[in-house]
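*Asks:* I'd like to ask you about the structure that follows.
The values are calculated or read from the model by the stated rules, or taken from the named source; none is laboratory data. No experiment lies behind these values; they were computed from the predicted model shown. Just so you know, the surface numbers come from the protein's heavy atoms only, side chains and all, with ligands and any DNA or RNA stripped out. Shrake-Rupley method; radii C 1.70, N 1.55, O 1.52, S 1.80 Å.
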Amino acid sequence: IMVLNKGGNVGMGITTPVGRLHLKSKGSAPSGSIAIQHSGNTVNIVEIGQSDNGNSGGAIVLDKANGVKSVHIDSHGPSYFNGGNVGFGTEASPDTTVHIRETDDTYLTLESQNTGLTKEVALKYQNYSTGTDFWWVGLNQSDDYSIAYGSAFSGANTKLMILSSGNVGIGTTSPGFK
(Lines give C-alpha, C1' and ligand atoms only; values in the text may rest on other atoms or scores of the structure.)
Protein backbone atom coordinates (compact mmCIF):
# COMPACT_ATOMS: atom_id res chain seq x y z
CA ILE A 1 0.00 0.00 0.00
CA MET A 2 1.25 3.47 -0.88
CA VAL A 3 -0.78 6.61 -0.12
CA LEU A 4 -0.28 10.31 -0.87
CA ASN A 5 -2.90 12.30 1.06
CA LYS A 6 -4.17 15.85 0.48
CA GLY A 7 -1.83 17.26 3.13
CA GLY A 8 1.21 15.95 1.25
CA ASN A 9 1.94 13.06 3.63
CA VAL A 10 3.20 9.84 2.08
CA GLY A 11 2.35 6.49 3.62
CA MET A 12 3.81 3.12 2.74
CA GLY A 13 2.21 0.11 4.39
CA ILE A 14 -0.36 2.41 6.05
CA THR A 15 -3.45 4.17 4.71
CA THR A 16 -3.47 7.19 7.08
CA PRO A 17 0.05 8.67 7.27
CA VAL A 18 0.52 11.12 10.17
CA GLY A 19 3.89 12.54 9.08
CA ARG A 20 5.55 13.66 5.83
CA LEU A 21 6.81 10.08 5.42
CA HIS A 22 5.11 7.34 7.42
CA LEU A 23 6.28 3.74 6.96
CA LYS A 24 4.68 0.68 8.55
CA SER A 25 6.48 -2.62 8.39
CA LYS A 26 4.84 -5.96 7.73
CA GLY A 27 7.79 -7.83 9.21
CA SER A 28 9.84 -7.73 12.38
CA ALA A 29 13.48 -6.98 13.17
CA PRO A 30 15.30 -4.03 11.61
CA SER A 31 15.27 -5.60 8.15
CA GLY A 32 11.45 -5.45 8.20
CA SER A 33 11.32 -1.66 7.90
CA ILE A 34 13.79 0.61 6.10
CA ALA A 35 16.89 -0.81 4.46
CA ILE A 36 19.64 0.86 2.43
CA GLN A 37 21.75 -1.40 0.29
CA HIS A 38 24.99 -0.64 -1.52
CA SER A 39 24.65 -1.12 -5.28
CA GLY A 40 27.59 -3.50 -5.39
CA ASN A 41 26.34 -6.18 -2.98
CA THR A 42 23.25 -7.80 -1.45
CA VAL A 43 23.92 -6.87 2.19
CA ASN A 44 21.97 -4.04 3.82
CA ILE A 45 24.36 -1.35 5.03
CA VAL A 46 21.70 0.54 7.06
CA GLU A 47 18.58 -0.88 8.66
CA ILE A 48 16.02 1.09 10.68
CA GLY A 49 13.09 -0.68 12.25
CA GLN A 50 11.82 -2.81 15.06
CA SER A 51 14.24 -4.18 17.63
CA ASP A 52 15.43 -7.67 16.71
CA ASN A 53 14.89 -9.01 20.25
CA GLY A 54 11.15 -9.51 19.73
CA ASN A 55 9.72 -6.44 21.48
CA SER A 56 8.21 -3.24 20.12
CA GLY A 57 11.31 -1.08 20.57
CA GLY A 58 13.19 0.51 17.70
CA ALA A 59 16.66 -0.19 16.36
CA ILE A 60 19.21 1.33 14.00
CA VAL A 61 21.84 -1.00 12.56
CA LEU A 62 24.88 -0.17 10.43
CA ASP A 63 26.47 -3.22 8.82
CA LYS A 64 29.89 -3.78 7.36
CA ALA A 65 30.14 -5.14 3.83
CA ASN A 66 30.37 -8.70 5.15
CA GLY A 67 27.05 -8.42 7.05
CA VAL A 68 28.62 -8.04 10.52
CA LYS A 69 26.88 -5.38 12.62
CA SER A 70 29.33 -2.53 13.25
CA VAL A 71 26.86 -0.23 15.03
CA HIS A 72 23.71 -1.49 16.73
CA ILE A 73 21.52 0.95 18.67
CA ASP A 74 18.54 -0.78 20.25
CA SER A 75 15.98 0.98 22.47
CA HIS A 76 15.16 -2.24 24.38
CA GLY A 77 18.29 -4.36 24.14
CA PRO A 78 22.06 -4.34 23.81
CA SER A 79 23.59 -1.44 21.90
CA TYR A 80 27.19 -1.42 20.76
CA PHE A 81 29.84 -0.03 18.46
CA ASN A 82 31.93 -2.81 16.93
CA GLY A 83 34.99 -1.40 15.25
CA GLY A 84 36.68 1.94 15.45
CA ASN A 85 37.04 4.59 18.11
CA VAL A 86 34.12 6.48 19.63
CA GLY A 87 34.39 10.21 20.33
CA PHE A 88 32.20 12.53 22.38
CA GLY A 89 32.82 16.20 21.66
CA THR A 90 35.66 15.45 19.26
CA GLU A 91 35.69 17.37 15.99
CA ALA A 92 37.86 14.90 14.12
CA SER A 93 38.82 11.28 14.62
CA PRO A 94 38.91 10.15 18.25
CA ASP A 95 42.43 9.23 19.40
CA THR A 96 41.50 6.23 21.57
CA THR A 97 38.76 3.61 21.90
CA VAL A 98 36.72 6.11 23.94
CA HIS A 99 37.68 9.78 23.66
CA ILE A 100 35.85 12.48 25.61
CA ARG A 101 36.67 16.11 24.84
CA GLU A 102 35.20 19.19 26.47
CA THR A 103 36.29 22.82 26.77
CA ASP A 104 35.13 22.94 30.41
CA ASP A 105 35.47 20.56 33.37
CA THR A 106 35.13 17.00 32.07
CA TYR A 107 33.60 14.16 34.06
CA LEU A 108 32.82 10.52 33.48
CA THR A 109 29.89 9.51 35.68
CA LEU A 110 29.18 5.95 36.77
CA GLU A 111 25.97 5.76 38.83
CA SER A 112 23.89 2.90 40.15
CA GLN A 113 20.22 3.84 40.20
CA ASN A 114 19.12 0.88 42.30
CA THR A 115 17.08 2.33 45.17
CA GLY A 116 16.71 -0.91 47.13
CA LEU A 117 20.28 -2.21 47.37
CA THR A 118 23.75 -0.69 47.38
CA LYS A 119 25.38 -1.99 44.19
CA GLU A 120 28.97 -1.97 42.93
CA VAL A 121 30.06 1.02 40.87
CA ALA A 122 33.56 0.46 39.57
CA LEU A 123 36.03 0.35 36.74
CA LYS A 124 37.80 -2.90 36.06
CA TYR A 125 41.06 -3.35 34.19
CA GLN A 126 42.40 -6.47 32.51
CA ASN A 127 45.21 -7.26 30.13
CA TYR A 128 47.11 -10.35 29.06
CA SER A 129 49.21 -10.38 32.26
CA THR A 130 46.22 -10.47 34.63
CA GLY A 131 44.80 -13.63 33.06
CA THR A 132 41.27 -14.11 34.38
CA ASP A 133 41.75 -11.54 37.18
CA PHE A 134 41.05 -7.80 37.14
CA TRP A 135 42.11 -4.67 38.96
CA TRP A 136 38.90 -3.16 40.38
CA VAL A 137 38.59 0.50 41.41
CA GLY A 138 35.46 2.01 42.88
CA LEU A 139 32.61 1.53 45.31
CA ASN A 140 32.15 -2.08 46.44
CA GLN A 141 28.54 -2.13 47.65
CA SER A 142 29.15 0.77 50.06
CA ASP A 143 30.14 4.43 50.11
CA ASP A 144 33.78 3.47 50.75
CA TYR A 145 36.34 3.61 47.92
CA SER A 146 38.47 0.54 47.33
CA ILE A 147 41.05 -0.97 45.02
CA ALA A 148 40.98 -4.76 44.65
CA TYR A 149 42.69 -7.43 42.56
CA GLY A 150 41.12 -10.76 41.69
CA SER A 151 38.36 -12.45 39.75
CA ALA A 152 35.65 -10.60 41.74
CA PHE A 153 35.27 -7.20 43.38
CA SER A 154 35.06 -8.51 46.93
CA GLY A 155 36.34 -7.60 50.38
CA ALA A 156 38.65 -10.63 50.30
CA ASN A 157 40.43 -9.15 47.24
CA THR A 158 40.70 -5.57 48.59
CA LYS A 159 44.23 -4.14 48.56
CA LEU A 160 43.43 -0.53 49.53
CA MET A 161 40.37 0.89 51.31
CA ILE A 162 39.44 4.53 51.88
CA LEU A 163 36.43 4.87 54.15
CA SER A 164 33.99 7.74 53.71
CA SER A 165 35.26 8.97 57.10
CA GLY A 166 38.73 9.43 55.56
CA ASN A 167 40.38 6.44 57.26
CA VAL A 168 42.81 4.63 54.96
CA GLY A 169 43.85 1.00 55.11
CA ILE A 170 46.23 -1.16 53.12
CA GLY A 171 45.44 -4.86 53.31
CA THR A 172 42.37 -4.27 55.51
CA THR A 173 38.75 -3.44 54.85
CA SER A 174 38.23 -1.71 58.23
CA PRO A 175 41.00 0.86 58.70
CA GLY A 176 41.01 2.71 62.02
CA PHE A 177 43.23 5.68 61.14
CA LYS A 178 43.58 8.54 58.69
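*Asks:* With every protein chain left in place and a probe of 1.4 Å, what is the accessible surface of T109, to the nearest 10 Å²?
*Replies:* Surface open to solvent at T109 totals about 100 Å².
*Asks:* Would you mind checking which residues have amide H under 5 Å from V71's amide H? H placed 1.01 Å from N; only 5 or more apart, or other chain.
*Replies:* Distant-sequence amide H within range of V71: L62, N82.
*Asks:* Another question about this same structure. Among the listed pairs K119/K159; K6/K69; K69/K159, which are separated by more than 30 Å between their Cα atoms? Walk me through the numbers on the way to the answer.
*Replies:* Values: K119/K159 19 Å; K6/K69 40 Å; K69/K159 40 Å.
Result: K6/K69; K69/K159 exceed 30 Å.
*Asks:* Further, regarding this structure: By accessible area of protein heavy atoms, probe 1.4 Å, what ranking do M161, M12 get, highest first?
*Replies:* I get M12, M161, largest accessible area first.
*Asks:* What does the extension gain come out to for I34 and N114, with contour length at 0.36 nm per residue minus their alpha carbon separation?
*Replies:* Numbers: separation 80, 0.36 × 80 = 28.80 nm, distance 3.66 nm.
Value of the extension gain: 25.1 nm.
*Asks:* Quick one: 3J(HN,Hα) in Hz for the stretch 134-149, Karplus 6.51/-1.76/1.60 with θ = phi - 60°, rounded, Gly and Pro as x.
*Replies:* These are the phi-based 3J(HN,Hα) values: 9, 8, 10, 9, x, 9, 9, 6, 6, 9, 8, 9, 9, 10, 9, 9 Hz.
*Asks:* Continuing with this model, one more query. Quick one: Karplus J couplings for the stretch 105-111, per residue in order, coefficients 6.51, -1.76, 1.60, θ = phi - 60°, nearest Hz, x for Gly and Pro?
*Replies:* These are the phi-based 3J(HN,Hα) values: 3, 10, 10, 10, 9, 10, 9 Hz.
*Asks:* Moving on to the next point. Of the candidates Y128, Y149, Y80, which one comes out as most mobile in a Gaussian network treatment of the chain with C-alpha springs shorter than 10 Å?
*Replies:* Y128
*Asks:* Over the chain, what per residue volume does the convex hull of the Cα atoms give, in whole Å³?
*Replies:* Working: hull volume 43.3 nm³, N = 178.
In the chain, the Cα convex hull volume per residue is 243 Å³.
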